[in-house]
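See below for the structure under consideration.
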Amino acid sequence: TPERGKDFIRQIIDADNASGKYKGRVQTRFPPEPNGYLHIGHAKSICLNFGVARDYDGICKLRFDDTNPVKEDVEYVDSIREDVSWLGFQWEANPFASDYFEKLYFIAELLIKMGKAYVDHQSADEIRENRGTLKEPGINSPYRDRTVEENLTLFRAMRSGDLADGECILRGKIDMAAPNVMLRDPALYRIKHADHHRTGDTWCIYPMYDFAHGLSDAIEGVTHSICTLEFENNRPLYDWCVDTLMDGLKQPELFGENSAIYEDLAARPGLKDRPWQYEFARLNITGTVLSKRKLIQLVQEGHVSGWDDPRMPTISGFRRRGFTPESIRDFCDRIGVAKADSTVEYALLEACVREDLNKRAPRYMGVMDPVKLVIENYPEDQVDEFDVALSPEDDSYGTRKVPFTRELWIERSDFMEDPPKKFFRMGPGREVRLRAAYYVLCTGYDTDAEGNVTEIRATYDPETKGGWLEGGRKVKGTMHWVSATHGLKAEVRNYTSLFSVDNPGAPEEGKTFVDYVDPDSLEVLPECYVEPALADMEPGVNFQFERTGYYCSDNKDHKPGKTMVFNRTTTLRDSWAK
Ligand code: ATP
Ligand code: MG
Ligand code: MG
């Protein structure tokens, strides 16, 4: 495990607190765009942003970055709230960037008045061509020197709805020769006649990410704006937007009749002690893709049953698979926060959930691939009811009642007609323990025409009640079992990795990541038998099938009173490390 000292973000906050930079204020935000469901990478950002606020007695807001109406939807808004809450975090407030559309518009006009922004009528292609390259400086737009008056008139025309998408854009007037291409007169506003999930058709111009993001941070009073490394190049633009607004606030005369907006902005803590952006390494894990664009493709093309398919690396997928919020938070703790990109083994995530469930999951017996075992000397109408502990260690879990009858189900793989010496399970003439019940001695078996075992016979020793023989002979093997008369039928869903390779995000020539989807990654066992104690289990409950794995009742298809549906969260041991 990596060092668990303070990460570099917390070190920065410590230094800022020591210098009095924000007078002790610590404020972060988690800023998802509601254009998809959250994935495990987002969990890392959530744990960091909310964790910092918790550790420093600060504030963390959940802010929806909803500046791109075309791809956004309330379904995503709802799912994001659900996922953040489920992970165990509470936001101080839940604003939307669209709450600031009016303010952002005025800030854009302010920039125009300051001579820091202009309306450009070049086509998108021309703008791209004239931006230059890393080696070549860009070329100034012929519209770059429009007067303030002309720019204001044009920008207001953009807002009025009279212009078509793409006809012109508002650009920051920075430096077409800047070494950082981001600073070559970046787009600040674009025309988009589209219905926004919150503001409807109020707006037909929308702010660009860089403009909206830094300014929303400043408006809210964020101190430490934490994002992933791919935004490192955007940082100077973030700074330019915030600094330019702060400069503008020194010129109240520019606000004219909008003095209320001026006073509102000028009073905000984030525009006195401005926010700064810090980048950390995004999470990558083996065997999957962490990109909303790719995940949405898996859903839309039907490779999975939905965003919450238990094979999806989404938070809702992990939840449905049976991962606990504690295990995901523990995972995020263990991987730490670094400045260099790396890839974490999926096995670490599994180890975290195993460790958590080993402590907490109650134990039950379930037979996945049943074959009949008949106890010949056990009376047909007799039932022994065993009280069996739900937890091997914690008595407070109590016990459940497990009925034992003449006919039982056992695991087909627990019997061999001609077992080798080291096979400590059932075979003709061998004695084994039926977990918590009795020793049974195998006396014979039947097969069908194809040679498949159809029934196994045994006798039990009444002296071994409870599965023990005081001071007597010992048996090596212990097997799980379910009463054939009392057991309940269940559907069990076993999952393996959705992708057949370690890095589906880097496909070989001519392939794409979907070519690596493993069609056998879901195995449905339609006829399993489980203890009657599971009868009234609610959806979404974690438990262990002894000797088999950690499972949970499916949070969609498992309905009390109907056929039970259980998802395998993970195997008991790391099969990957074999
Ligand atoms: P994707 O790249 O998957 O489409 P995104 O970065 O566009 O995701 P946002 O909704 O913009 O998704 O992200 C919200 C926050 O989560 C951002 O601060 C972003 O940096 C962070 N984030 C996204 N992906 C990861 C990741 N893999 N690891 C850590 N943080 C991430
Ligand atoms: Mg994004
Ligand atoms: Mg992204």
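Residues of the stretch 403-412 include at least one that is modelled with pLDDT of 95 or more, aliphatic (A, V, I, L, M) and touching a His at 6+ places or on another chain (Cβ under 8 Å). For the stretch 166-212, a residue qualifies if it is within 16 Å of ligand 3 (Cβ to nearest atom) and of a type in the set (A, V, I, L, M), and the qualifying residues are M182, M208, A212.
Yes or no: the stretch 518-536 includes at least one residue that is crowded, with 17+ Cβ neighbours inside 10 Å, more than 30 Å from G427 (Cα to Cα) and in contact with a Phe, Trp or Tyr (Cβ under 9 Å, 6 or more places away or on another chain). Yes, the stretch 518-536 contains a residue that is crowded, with 17+ Cβ neighbours inside 10 Å, more than 30 Å from G427 (Cα to Cα) and in contact with a Phe, Trp or Tyr (Cβ under 9 Å, 6 or more places away or on another chain).
One residue alone among N555, N567 is crowded, with 19+ Cβ neighbours inside 10 Å, closer than 17 Å to M312 by Cβ, in contact with an Asp or Glu (Cβ under 7 Å, 6 or more places away or on another chain) and in the same structural domain as H480 (by TED's automatic domain parsing), and that residue is N567.
Sort out for me the strands (runs of 3 or more DSSP E) sitting completely within the stretch 539-578 that have 2 or more residues that are among the polar types (S, T, N, Q). Can you show your working first?
Working: elements: 542-545, 549-553, 564-570.
By residue number, 542-545, 564-570.
One residue alone among G214, G138 is more than 25 Å from G41 (Cα to Cα) and not polar (S, T, N, Q), and that residue is G138. Of everything in the stretch 87-108 that is outside any helix (DSSP H, G or I) and of a type in the set (G, A, S), the residue that is surrounded by the most Cβ atoms within 10 Å (Cβ to Cβ) is G88. Going residue by residue through the stretch 34-41, is there one that turns out to be more than 12 Å from ligand 1 (Cβ to nearest atom) and crowded, with 20+ Cβ neighbours inside 10 Å? For the stretch 34-41, residues more than 12 Å from ligand 1 (Cβ to nearest atom) and crowded, with 20+ Cβ neighbours inside 10 Å: absent.
Matching residues to (1) among the hydrophobic types (A, V, I, L, M, F, W, C); (2) outside the structural domain of R493 (by TED's automatic domain parsing); (3) within 14 Å of ligand 1 (Cβ to nearest atom):
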residue: V299; (1), (2), (3): yes, yes, yes
residue: G306; (1), (2), (3): no, yes, no
residue: P313; (1), (2), (3): no, yes, yes
residue: S316; (1), (2), (3): no, yes, no
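Within the stretch 5-33, the residues that satisfy the criterion of being assigned to a loop (DSSP other than H, G, I, E, B) and within 16 Å of ligand 1 (Cβ to nearest atom) are D7, P31, P32, E33. All of D16, D73 fail the test of being more than 16 Å from ligand 3 (Cβ to nearest atom), over 30 Å from D309 (Cβ atoms) and touching a residue at least 40 places away in the same chain (Cβ under 8 Å), apart from D16.
Each row is one residue, and each column tells you yes or no for (1) closer than 25 Å to P313 by Cβ; (2) within 16 Å of ligand 3 (Cβ to nearest atom).
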| site | (1), (2) |
| --- | --- |
| G41 | yes, yes |
| L62 | yes, no |
| N68 | yes, yes |
| S85 | yes, no |
| D99 | no, no |
| K103 | no, no |
| E129 | no, no |
| T147 | no, no |
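Assess whether S391 counts as being touching a Pro at 6+ places or on another chain (Cβ under 7 Å) and in the same structural domain as Y550 (by TED's automatic domain parsing). When the stated conditions are applied, S391 passes them. Could you tell me which of the residues G444, G471, G429, G467 is over 22 Å from F545 (Cβ atoms), outside the structural domain of T314 (by TED's automatic domain parsing) and modelled with pLDDT under 95? After applying the criteria, what remains is G471.
Checked against (1) within 18 Å of the chain's Cα centre (by Cα); (2) part of a strand (DSSP E or B), K61 meets all criteria but (1).
Every residue, every condition in (1) in contact with a helix residue (DSSP H, G or I) (Cβ under 6 Å, 6 or more places away or on another chain); (2) buried (at least 16 other Cβ atoms within 10 Å of the Cβ), yes or no:
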residue	(1), (2)
N234	yes, yes
K250	no, no
F280	no, yes
T288	no, yes
S327	yes, yes
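The strands (runs of 3 or more DSSP E) found entirely in the stretch 347-413 that carry 1 or more residues being in contact with a Ser or Thr (Cβ under 9 Å, 6 or more places away or on another chain) and of a type in the set (G, A, S) are 384-389. Filtering the stretch 475-498 for residues that are more than 47 Å from the chain's Cα centre (by Cα) and at pLDDT below 95 leaves an empty set.
The values are calculated or read from the model by the stated rules, or taken from the named source; none is laboratory data. A quick note: this is a predicted structure, and the numbers were derived from the prediction, not measured. All Cβ positions, even for glycine, are placed from backbone atoms using ideal geometry, and neighbour counts span all protein chains on display.
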